[in-house]
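Read the structure below first, then the notes.
The values are calculated or read from the model by the stated rules, or taken from the named source; none is laboratory data. Computed from a predicted structure; not experimentally measured. Don't worry about glycine lacking a Cβ; one is built from the backbone with ideal geometry, like all the others, and counts go over all protein chains shown.
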Amino acid sequence: MTSQSAQKTAGGEHRRAVALFGGTFDPVHAGHIAVAQAAQRRFHLDAIHFIPSSRPPHKTKMALTPFLHRYAMVALACADHATFVPSVAEAEMDGATPRVFYTIDTVRRFRRDHPDDHLYFIVGADQFLELPTWNNYEALLDCCDFIIASRPGFKLDALRLVIPPEKLGADGSTTNSGANPGKIALRKSSIYMLTTVSSHVSSTEIRNRLDEHKGIHGLVPPRVEEYILGQALYR
């Protein structure tokens, strides 16, 4: 059991470990589920909130499938996993034009609503390398721990390049052995590499295959495949 698990509050009760997993999920696919399952096993997560974005700031010019379809697919993908929770945290309200949501605001809202939870944010390694382009990213590094889903051959030190030196732990060192392999200790949080899962599936590949009238069996959860075909999405 990792040192993060089975944490206790001051009153001696179990401190919930909760992860936020954001993305366009257009569509959610088998790789997303594999990452979430690996994170749940390693960090003994009590819940993983899948948060489809209404309009991510780095994809403002990209045509997205309507939120309701993407949320429906996430809900179907989560249905067979007790700890997976589909979230409307970044849904547009009352049919309004989708607005830009910033990760810092979503994390702060979860932190405010659940102050006793141990909060993680799940993100891919390539996305984390773009962290300096995120809104208020230095404050975000203080708000929660990060679980980085890495690709084969990805080096932990690459993550350090985008972290402001003043955010590193007192000795500026990277922990890469012992009880927490693949960990970068920051002053107010920690970053963990998740290297136990590797998937080459991408939402882009799935959309392209559907556009070309090719099969997607095994690339998405069965219920998601049924929904996509039934709704004739991505054609």
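Tabulated data for the structure shown
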quantity	calculated
Selection count, region 1-21, where residues are modelled with pLDDT of 95 or more and crowded, with 18+ Cβ neighbours inside 10 Å	5
Helices (runs of 4 or more DSSP H) completely within region 123-170 that count 2 or more residues being modelled with pLDDT of 95 or more and either aliphatic (A, V, I, L, M) or loosely packed, with under 13 Cβ neighbours inside 10 Å (or both)	137-143
Pick from region 44-70, criterion farther than 12 Å from G23 by Cα and of a type in the set (S, T, N, Q), ranking: modelled with the highest pLDDT	T65
So D94, is it at pLDDT below 95, at positive phi and not small (G, A, S)	yes
Hits in region 12-42 - residues which are in a loop (DSSP other than H, G, I, E, B) and not aromatic (F, W, Y)	G12, E13, R15, R16, T24, D26, P27, V28, H29
